[in-house]
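Shown next, in structure tokens, is the structure this report addresses.
The values are calculated or read from the model by the stated rules, or taken from the named source; none is laboratory data. On a predicted model such as this, the values are computed, not experimentally measured, just so you know. Counting neighbours? That spans all protein chains shown, and the Cβs are built from the backbone with ideal geometry, glycine included.
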Amino acid sequence: MMNPVIKIFILLLLTLATNRFVYADEVIITTEFTPSAVNPGNNEFVNTTPISGFCQTNANTAYCRAGNVTIATNLSARNRVLNFNSTSLRDQLYQRIDNGWRIVTLYDRGSRKQITATFRITAVFTRFVTRTGWDKDKFSVGGLSPVGGCERATSLSSSTVYDFGWIHPGPGLECYKKVPDVNVNDITISPISIGYELRSLSPMSLPNGNYEGSISYFVGNNNAIDLGNATYSDDELKITIRTTIKHDFKVEHTSSQKVMLEPQGGWDTVIGSGSYEVPLRAQSTFALTASAPFSLYLECEHNQLGNCALQKEGSDETVPVIISVTMPQMRNIITGESVTDMVLPMRQNHMPSFNLEPTQFNNAASSTVQFKINGPDSRKMITQPGTTWKGAVTLVFDADLPFASQ
């Protein structure tokens, strides 16, 4: 008896998973921003990136002479077609750029603070190169007055090279221009450069520091950066933004740096009155421009019991001086109180926490320093007629200002 043979067939299915590699180009942009109490409405970051791309090689064009900048990318494209008879706009001179404002978060690694800014691409410049050649006289009009809402920035042509740039004033514009009687299919686009804007949402509230963050745009056919039908070198453009925030801070004397402490009404009110415990006072003024937090403390030539002091000439005898400040439009961050007759600590009693901040744009605000010797302490001086008491006091403004680093 034969045993039945059981045949089992196993269908083994192998699935090969393939990952799509994303090639990204990175551009590093450096900027700085100085929130200004003089011009609080200014919210634009200033470019400090070396000019590259179109404005580096064509600095004499009107666009570049007007102070605009271009930043070169490493993006390129090949197999670009220009076909006057094509019904596809993307076979003409063509740009569609996602140039709406994008929010970008920037971080300061040292302080761990973060800020937000808004970024947008404002213009795109390209160089079309062909081996075939074209009639440059016909081609040169191609970049003039593009259709779709873009504005011509510039155009330069030769028999094999065409440089042009378009400004994108509004978001999502699809712009094109037909080139008469041109039919070429071997175009390489390189280099590609951009213009940009970077703005702050709330300029006066930005903390000082050195910040970095990035924003990305997909590149290619029907993506955020689309320069027409072509084979693109990269799928993505990553823009890394590095910026330094530097607030205004300035202190200027507006009165004499020497003060004389006297009784209210002058010494004539004390002489012969029999009163020996009379407060002695003096005042000095300064102008303060500040848009960033700071601390304030004293350095004293002489001190007594945690206060600055005056010392009698020819003796070690001292009397304490209470020193306070009044600064309009300033508040104590910890207590929320306005800075009115605020007693100042000495350096050794000072905790550097940048505990004072402007409540509004503080431009050359008139501020006062008050000096006072209380009555019981002044008795020591008044009962020694003919003596001289002196001391030097320094007000130290410790502002939260950054050192630039790259």
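Worth a mention:
- Wholly within the stretch 297-336, strands (runs of 3 or more DSSP E) carrying at least 2 residues that are within 17 Å of residue 369 (Cβ to Cβ) and touching a helix residue (DSSP H, G or I) at 6+ places or on another chain (Cβ under 9 Å): 318-326
- Residues within the stretch 214-265 that are of a type in the set (Val, Ile, Thr) and either over 26 Å from the mean Cα position of the chain (by Cα) or in a loop (DSSP other than H, G, I, E, B) (or both), tallied: 4
- Residues of the stretch 62-74 that turn out to be farther than 16 Å from residue 152 by Cβ and either part of a strand (DSSP E or B) or free of Cβ contacts under 8 Å to residues at least 12 places away in the same chain (or both), as a count: 3
- Given (1) at pLDDT 85 or above; (2) part of a loop (DSSP other than H, G, I, E, B), index of the condition residue 403 fails: (1)
- Set 341, 377, 316: member being acidic (Asp, Glu), crowded, with 19+ Cβ neighbours inside 10 Å and out of contact with any Phe, Trp or Tyr (no Cβ under 8 Å at 6 or more places or on another chain): 377
- Tally of residues being crowded, with 17+ Cβ neighbours inside 10 Å and in a loop (DSSP other than H, G, I, E, B) across the stretch 35-48: 5
- Qualifying residue in the stretch 95-102 (condition: farther than 22 Å from residue 229 by Cβ, among the aliphatic types (A, V, I, L, M) and in contact with a Leu (Cβ under 9 Å, 6 or more places away or on another chain)): no
- Strands (runs of 3 or more DSSP E) completely within the stretch 75-169 that count 2 or more residues being in contact with a Phe, Trp or Tyr (Cβ under 9 Å, 6 or more places away or on another chain) and either modelled with pLDDT of 90 or more or of a type in the set (Val, Ile, Thr) (or both): 77-83, 93-97, 102-107, 114-129, 161-167
- Selection over the stretch 299-313 of residues that are loosely packed, with under 15 Cβ neighbours inside 10 Å and either more than 44 Å from the chain's Cα centre (by Cα) or of a type in the set (A, V, I, L, M) (or both) gives a count of 2.
- Here residue 193 meets the list (1) more than 30 Å from residue 41 (Cα to Cα); (2) touching a Gly at 6+ places or on another chain (Cβ under 7 Å); (3) at pLDDT 90 or above almost entirely, failing just condition (1).
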